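What follows draws every value from the coordinates through simple rules; no lab data is involved. Model, not experiment: these values are computed from the prediction. Every residue, glycine among them, receives a Cβ derived from its backbone with ideal geometry; neighbour counts consider all protein chains shown.
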Amino acid sequence: MSDIKFSDDAMKRYDQTLKRYPEKRAALIQILILAQKEFGWISEEVADYVGGLMGYSPADVMSVASFYTMLHRKPVGKYHLDICRTLSCWLLGTYPCVDEMKRILGVDKEEITGDGMFSWNFTECLGSCGTAPTMQVNDRFFESLKPEKMGDIIEQLRSEAAEGKK
Amino acid sequence: MTKMHLVNIDKPDQITFTKYRERGGYKALEKALAMQPLAIQEEVKVSGLRGRGGAGFPTGMKWSFVPRNSGKPTYLLCNADESEPGTFKDRKLMEYDPHLLIEGMAIASYALECHLAYIYIRGEFEFVGKIVQKALDEAYDAGVLGASVMGKDYALDLHIHYGQGAYICGEETSLIESLEGYRGYPRIKPPFPAVSGFLASPTVVNNVETLTALPWIITHGGAAHAALGTEKSKGTKLFSASGHINKPGVYEVEMGYAMMDFINNECGGVLNGNKLKAVIPGGSSVPVMTAEECENTLLDYESILKAGSMLGSGGFVVLDDTTSMPHTLSNIADFYAHESCGQCTPCREGTGWAAKILRKMIAGKGKKSDIDLLLRIADMMEGKTICPLADADVMPIRSFLTKFRSEFEALCKE
């Protein structure tokens, strides 16, 4: 992990992001999002790099990152499945879906499958209670889940990965 | 029934600038730009519009707290951090009619003499944010945003800012801290954001639904809005209906609509023909209502308050008679324990202990004395913290325990 450095494209987006704010600090969380897209998760090295770039101490950067659950502080799978456990999703059967997902993936929450492809965790309300249960996978939602649909979703993600989509 | 938010929501091409414009979009902004900013504020006051994020504070009054000529810039922040369990209306608005939000924000910005505004969208809604960003790009290209808004000598920049998974950031001072690039710790008020908010400048934070009501109000006039609804709850309200119902979804009804009609008509009745047991009418943080309490209650701020709950965000969760109330409360308590920011001791400790006791209870290891212990914890949390998150946990705890006490007792030994 010694090559922590934004690509040219990320550097361009870094500059564009900073321009949207009257003060540089306001961009910090957006830059951490960018960093996570680049490096996968917010390691100490990443916090160090972002801090160096923006002029904040790594501890300061990490204290912000650690407040926000979407900023991962350990590696996750290529596809990270966040399944909602809150009220309406729970009422309509989150847990049977989780059991099926665990059976298929063979890993517990916060673990990564051997091929590095999947990890999963519980998340709190995803604001999609009308299509409960809901699951977030990277930057999209899968809604109205059913235990028997979990296998199809995981297969779909596998084939997308095979086709080189992200 | 009059609609102002969902008029074009079912038209797939509504997200494009061209179609939005063809259907009369941005005409309200044109009209507003020909008015004096303070005249718009007055129109909003007359409309009786109240903040739709949950608190129900009069929008025109909130705006009027902003000092004019403070020498500092004024900021408008759209609260699109929708995370109150049971609430999913703002997602619908942004995903299917993003220009309506842009138009509402442009009207509000002009009225507040604000030149830089942000939409704070929860990070989980990145796919929704992409739709909004596309609409923003179109609005810039069409001259609706930028150096000269619709040809007028008025500049406005509007950007998206993503949250990263923190319910607390829906609280407006926490949202501001987060926008400034810090942990989302709520601030002590006063000073209120209207005086000292984002970057210590005058700031207005309005919910998506509040802002998307503005084009209709400007088009039809504040008085027309005030003629809708009840004496104190004006206009329409979006309800996010979920849980044990046949037709979950987002519905717009005039304030004062009968709750049971809403359940039987819009929601399509209780799932599987089961009996109604309870309703959480305004997101998980409001007191639960028994089926009997729902009987003669209307959907407006005052009626729901009188019936012992709150309209809140309109996150309307229906529970049928198969529901275990202790399990439901435990699920809700886990949410608040997870989302407490940890800044205030009564909340950090109280939400945690309440969640632990309830977990123990549903595992069959509770004692009857735990019920009163939970109520004592609730007393120690309520009103003793910087922001209302602790109260948001207290309201379900107290209402579930008092209204369904026998179910909790049946689970406990001794």
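Data table
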quantity	calculated
Sequence ranges A:156-163, A:107-114, ranked by mean other-Cβ count within 10 angstrom, highest first	A:107-114, A:156-163
Mean Cα-pair separation over length for chain B, i.e. relative contact order, pairs under 8 Å, 6 or more apart, %	17 percent
Test item: A:72-82 mean partner chain Cβ contacts at 10 Å	0
Reachable lysines from residue B:365, criterion Cα separation under 18 angstrom, eight or more residues apart if same chain	B:356, B:413
Of every Cα-Cα pair in chain B, the percent that sits beyond 38 Å	21 percent
Kyte-Doolittle mean at least 0.0 and Cα axial length at least 20 Å: DSSP H helices in chain B	B:98-112, B:389-403
Cross-link partners of residue B:360 among aspartates and glutamates (Cα-Cα below 17 Å; sequence separation of 8 or more within a chain)	B:334, B:349, B:370, B:372, B:407, B:409, B:414
Where only alpha carbons of the protein assembly as shown are counted, the Rg and the Dmax (Å)	23.4, 75
Cα-centre dipole for the range A:8-65 with unit charges at Cβ (Lys and Arg positive, Asp and Glu negative), debye to 20	360 debye
Other protein chain Cβ atoms within 10 Å, averaged over every residue that makes up A:84-96	6
Cα-Cα over 20 Å, subset of A:24/B:72; B:92/B:247; B:27/B:152; B:247/B:275; B:189/B:234; B:89/B:234	B:189/B:234
Chymotrypsin sites (Phe, Trp or Tyr not before Pro) lying in DSSP loop within the range B:46-149, provided at most 14 other Cβ fall within 10 Å	B:65
Kirkwood Rh, angstrom, the range B:350-414 [1 / mean 1/r, Cα pairs]	11.9 Å
Inter-chain Cβ neighbour average for residues B:88-95, partner chain, 10 Å	3
Student exercise, the range A:25-166 dipole from Lys, Arg, Asp, Glu Cβ charges, in Debye to nearest 20	200 debye
Quotient of Cα Rg and 2.2 N^0.38 Å for the range B:163-307, N being how many residues it contains	1.26
The range A:88-144, relative contact order [Cα under 8 Å, separation at least 6], %	31 percent
Pairwise centroid distance, computed over Cα atoms, of the range A:51-108 with the range B:1-75, Å	36 Å
Chain A: radius of gyration over Cα atoms, expressed as a fraction of 2.2 N^0.38 Å	1.15
Angle in degrees between helix A:8-19 and the longest Cα principal axis of chain A, rounded to the nearest 10	80 degrees
Size of the range B:236-320 as Cα extents on the principal axes (Å, biggest first)	31, 23, 22
Approximate shape of the range B:248-398 as ellipsoid semi-axes (Cα gyration tensor, √5λ), whole Å, largest first	29, 18, 12
Estimated inter-spin distance, residue B:368 and residue B:30, nm [label 7 Å along Cα→Cβ]	7.2 nm
Cα centroid of the range B:88-138 to Cα centroid of the range B:208-263, whole Å	20 Å
